[in-house]
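Asker: One structure, as structure tokens, below. Some questions next.
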Amino acid sequence: MFLPNISFIFLSGVVYSFSTTAKARFKARVFAITPYFCHMLEDKNQEKTTLESLGEFGLIDHLTKDFPINHESTIKGIGDDAAVLDFKDKKTIVTTDLLVEGVHFDLSYMPLKHLGYKAVMVNLSDIYAMNAKATQITVSIAVSNRFPLEALEELYEGIALAAKVHKVDVVGGDTTSSRTGMLISITALGEAVSEEIVYRSGAKPNDLLVVTGDLGGAYMGFQVLEREKEVFKVNPNSQPDLEPYSYIVERQLKPEARQDIVALLKSLDVHPTSMIDISDGLSSEILHLCKNSNVGCNLYEDKIPLDPTVISSCEEFKLDSTLVALSGGEDYELLFTIDQKEFPKIKGNPNLTVVGHTTDMNEGAFLISRNNSKIPLTAQGWNSFAKA
Ligand code: ADP
Ligand code: MG
């Protein structure tokens, strides 16, 4: 299922290749996209299996026949009217997300296998943000008959790979037709003992604000892919070189939910006081965390972790890298707070960056800029954006 070095993105027949020399802290999973992806939605002459020829039950059987069950908590998976789970003395964590074609993904540059993988990551990130272990997922899809069976096989290869890498059982779902685009809804379940669960609401004034990984990459990858899509529309024979953008394109197409952070926190014996997934953007999620915890915050612009590719692509696209990091979104990273006493435990860890601290609620939420001015944070970034 893996290919070691190169991934291909096919955009309506053009092969885009990009290397996947992953950074140590971003373990990108590499998979090859077989050539028929780009043709299958367009080339009517190719031999493809229609969904009608299988029927709904044939399709469900075909897509779900190879899912293994690994967790003791899965009593019954796919194949009955409902799954049966038993978490014994653990608490059950549940989250769900809906992805809609044309709103959340664009199949002209999002290979279906990547889409399946990403759809699972979107959900697992929310389980990890509770400091929990992910155990099961259900997968519901709505597709039109513009998709052949082979397209859904690609999607399910991505789902199966994500389930394998993150050790979750696929225990059910639903399959239905759609008049227009594709919809994917995934529900993820997880488990944790109640003392381990971390909510958005536990931060105290003067805690440290910590983010995982680096920010802004997924948004800049999106910018690059959108630009190439426009170039391609004008010149279908163009061969863009995505190599310089490989990191950010991967951040957009192959995000990896931070399962490793839950394990890392445990191994460092760090107990966050609050935690939140920041895939909707750092600034809006900091505000959620502050509101839920009844605290304010100072976030330091010069501490926000940025990959060099994000900085260079922001220069190229004439975008403010801080604004991109604060509001770009789709970085499947976590923000958490810790008591200052815990700082020595995380100091120097390449996965974790202290970006600020919490304050009393009545002090408000601010970005402290590089030139030391105090700018009120807004869900869109910060309000100096308005003057731009
Ligand atoms: P029901 O009529 O109860 O909705 P289905 O015939 O839709 O049952 O589903 C049969 C089994 O297959 C159930 O266990 C269901 O959870 C599972 N299932 C259906 N669609 C999917 C899917 N797209 N992915 C994974 N499992 C699915
Ligand atoms: Mg059903």
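Asker: Return the ratio Rg/(2.2 N^0.38 Å) for region 263-388, where Rg is computed over Cα atoms only.
Answerer: Rg over 2.2 N^0.38 Å, computed on Cα atoms: 1.06.
Asker: Cα centroids of region 296-373 and region 190-260: how far apart, whole angstrom?
Answerer: Spelled out, the Cα-based centre of one part sits 15 Å from the other.
Asker: Pick out, in residue order, every one of the chymotrypsin sites (Phe, Trp or Tyr not before Pro) in region 113-205 that is DSSP loop and has at most 16 other C-beta atoms within 10 Å; say none if there are none.
Answerer: Passing both the DSSP loop test and the Cβ count: no residue.
Asker: Restricting to Cα atoms and excluding each atom paired with itself, what does the Kirkwood estimate give for region 194-285 in Å?
Answerer: 16.1 Å
Asker: Report, as a whole number in µm² per second, the diffusion coefficient that Stokes-Einstein gives for region 156-243 at 37 °C and 0.692 mPa s using the Kirkwood radius over alpha carbon pairs.
Answerer: The Stokes-Einstein estimate is 174 µm²/s.
Asker: With the radius of gyration and the Kirkwood radius both derived from the Cα set of region 304-360, what is their ratio Rg to Rh?
Answerer: Radius of gyration over Kirkwood radius for region 304-360 works out to 1.04.
Asker: Of all alpha-carbon pairs in region 99-162, indicate the percentage at a distance above 13 angstrom.
Answerer: In whole percent, the share of Cα-Cα pairs in region 99-162 beyond 13 Å is 66.
Asker: For region 248-304, with all protein chains present and a 1.4 Å probe, just round the carbon and sulfur fraction of the accessible area to a whole percent.
Answerer: Whole-percent figure for carbon plus sulfur exposure: 46.
Asker: Pick out, in residue order, every one of the GluC sites (Glu not before Pro) in region 46-151 that is DSSP loop and has at most 12 other C-beta atoms within 10 Å; say none if there are none.
Answerer: GLU47, GLU72
Asker: Over region 271-330, how many percent of alpha carbon pairs lie in each 5 Å bin up to the one with the longest distance?
Answerer: Per 5 Å bin, starting at zero, the Cα-Cα P(r) for region 271-330 comes out as 4, 16, 24, 24, 16, 9, 5, 2, 0 percent.
Asker: Plugging the Kirkwood radius over Cα pairs into Stokes-Einstein for region 241-309, at a temperature of 10 °C and a viscosity of 1.306 mPa s, what D comes out in µm²/s?
Answerer: 107 µm²/s
Asker: Something else: Expressed as a whole percentage, what fraction of the accessible surface of region 83-214 belongs to carbon and sulfur atoms when a 1.4 Å probe is rolled over the protein heavy atoms?
Answerer: 51 percent
Asker: What share of the DSSP beta bridges in the chain is antiparallel, in percent to the nearest 5?
Answerer: Expressed as a percentage, antiparallel bridges in the chain total about 80.
Asker: Let me ask another. Roughly how many Å² is the accessible area per residue of region 271-388, as a whole number, for a 1.4 Å probe?
Answerer: For region 271-388, the per-residue accessible area is 46 Å².
Asker: What is the antiparallel percent of DSSP beta bridges lying wholly in region 105-204, to the nearest 5?
Answerer: For region 105-204, the DSSP antiparallel bridge percentage is about 55.
Asker: If you look at just the Cα atoms of the chain, how large are its Rg and its Dmax in Å?
Answerer: Both quantities, over Cα of the chain: 21.5, 66 Å.
Asker: Another question about this same structure. As an exercise, identify the trypsin sites (Lys or Arg not before Pro) in region 55-161 lying in DSSP coil whose Cβ has no more than 16 other Cβ atoms within 10 Å.
Answerer: LYS65, LYS88, ARG146
Asker: Evaluate 2.2 N^0.38 Å with N set to the residue count of region 76-201, then give the Cα radius of gyration divided by it.
Answerer: Ratio of Cα Rg to 2.2 N^0.38 Å: 1.10.
The values are calculated or read from the model by the stated rules, or taken from the named source; none is laboratory data. Computed from a prediction, not measured in an experiment: that's the story for all the values here. Positions of Cβ are backbone-derived with ideal geometry, glycine not excepted, and every protein chain shown enters the neighbour counts. Keep in mind that these areas ignore ligands, DNA and RNA; they rest on the heavy atoms of the full protein, side chains included. Shrake-Rupley method; radii C 1.70, N 1.55, O 1.52, S 1.80 Å.
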